[in-house]
1. When you scan segment 320-362, how many residues do you find that are basic (K, R) and closer than 15 Å to G66 by Cβ?
2. Are any residues in segment 128-161 farther than 14 Å from G58 by Cβ and small (G, A, S), and if so, which ones?
3. Please state which one of F14, F38 is among the aromatic types (F, W, Y), more than 19 Å from the chain's Cα centre (by Cα) and within 21 Å of R98 (Cα to Cα).
4. Taking into account only those residues within segment 236-251 that are farther than 30 Å from T217 by Cβ and surrounded by 17 or more Cβ atoms within 10 Å (Cβ to Cβ), which is farthest from the chain's Cα centre (by Cα)?
5. Kindly indicate whether D233 is at positive phi, at pLDDT 95 or above and either in contact with a Pro (Cβ under 9 Å, 6 or more places away or on another chain) or of a type outside the set (A, V, I, L, M) (or both).
6. Taking segment 1-47, which residues are closer than 22 Å to P337 by Cβ and aromatic (F, W, Y)?
7. Considering T255, T285, T248, which residue is more than 23 Å from I179 (Cβ to Cβ) and in contact (Cβ under 8 Å) with a residue 24 or more places away in the chain?
Amino acid sequence: MIDPIALTKDLIRFNSISTNSNVPISNHLHDQLDRLGFMIERVHYQDETGIEKVSLVGRKGQGDGGLALLGHSDTVPVDGWEEDPFEAVIRDDKLYGRGSCDMKGSLTCMLAAAESFNGTGLKSPLYIVFTADEEIGCQGAKEILDRSELFNEFDLKYGIIGEPTMMQVVRAHKGAVAIRAKAHGQAAHSSTGRGINANLKMIPFLAEMKAIYEELTTDTQYFNDEFDPPFSDWNIGINDGGIALNMTAPQSLCTVYYRPMPGQDQQALLRRVQQTADRCDIELTINKSGDPFITSLDSEIIQTAMAATGTREAYTVPYGTDGLVFGEKLDLVVMGPGDIKQAHTVDEWMSLDQFDRAIDVYKEMIHRFCN
């Protein structure tokens, strides 16, 4: 039988920071899925830096319906750790290590729950999906949705994303759009009058980005009171490369990270950004990680999750998950062990009591949707 704490320790030992290849940890997870009797598909790709990545799709059973347990194998970086972040340690009933909470502990709970079910006895299929690059744009999930034969063969409708929620039921989160605006100038000694200062092109663009920020955060027509905070993130960054005081800037960069909410007219805002960029002679790139997802409170997956957890409320959250992608296909609930407050922190940890809690709930969900 799977020892979920021991397996989580094993997974933490893999340095699967998103800038690295996740192939080694995926090979280990592949072995676990194979031992549990899953059909397995490996979805390979190279990221934008040429590093090999692989996402895994496992399935027990055949036919339409069923349930997918969805997680990611990559982690955020480990700057600031004093202890070895890849050497799991238990102290005071907490498991420490990078990924313990976000979300290697959840992956092992999914596997441990699935161990109790024989594929031949399932009326509807059980899927386990482990993606790459969730932390940096959800590319692994996109590759699965676009290319996986196993994932797309039948009409799968429901999924659980195992991000840390302390096993509370989350039915919606915001989307994610990255905007990158670059103004080009010409470097010269500022005293000569011969340079072209890229910052002068950028200033009116920044003024419009600030105006959008103020509208989104103060004008209630943009608000959604189901979320806390009830407005969209419109986070502005600027950088001219740190040039000398007496030099005209050859380049000026503005970034905006936008988290749209369900029902918000993203395209109107993005058209406004594009029109401003065109007017200011600025090069613009817009990359959407995915749209917000929201699952109806009346959906079977939400009602079943609340029954399985013994709770009466489903929440919304401001952060993103692979639901940015899988929300296109599935009714989703975000529900996993651990506390989101520990995700991405120095000395990340997960309380040991969360393992049995998650396994029991995942077993109940599998039983309700697949048996």
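1. 1
2. A132, G137, G140, A141
3. Working: F38 fails: within 21 Å of R98 (Cα to Cα).
Exactly one residue qualifies, and that residue is F14.
4. T248
5. no
6. F14, F38
7. Values: T255 fails: more than 23 Å from I179 (Cβ to Cβ); T285 fails: more than 23 Å from I179 (Cβ to Cβ).
That would be T248, the only listed residue that is more than 23 Å from I179 (Cβ to Cβ) and in contact (Cβ under 8 Å) with a residue 24 or more places away in the chain.
Rundown of residues vs (1) surrounded by fewer than 22 Cβ atoms within 10 Å (Cβ to Cβ); (2) over 15 Å from G61 (Cβ atoms); (3) modelled with pLDDT of 95 or more, yes/no style:
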residue	(1), (2), (3)
I90	yes, yes, yes
K94	yes, yes, yes
M103	no, yes, yes
L126	no, no, yes
Q168	yes, yes, yes
R171	no, yes, yes
R180	yes, yes, yes
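The values are calculated or read from the model by the stated rules, or taken from the named source; none is laboratory data. None of the values given here were measured: they were computed from a predicted structure. Counting neighbours? That spans all protein chains shown, and the Cβs are built from the backbone with ideal geometry, glycine included.
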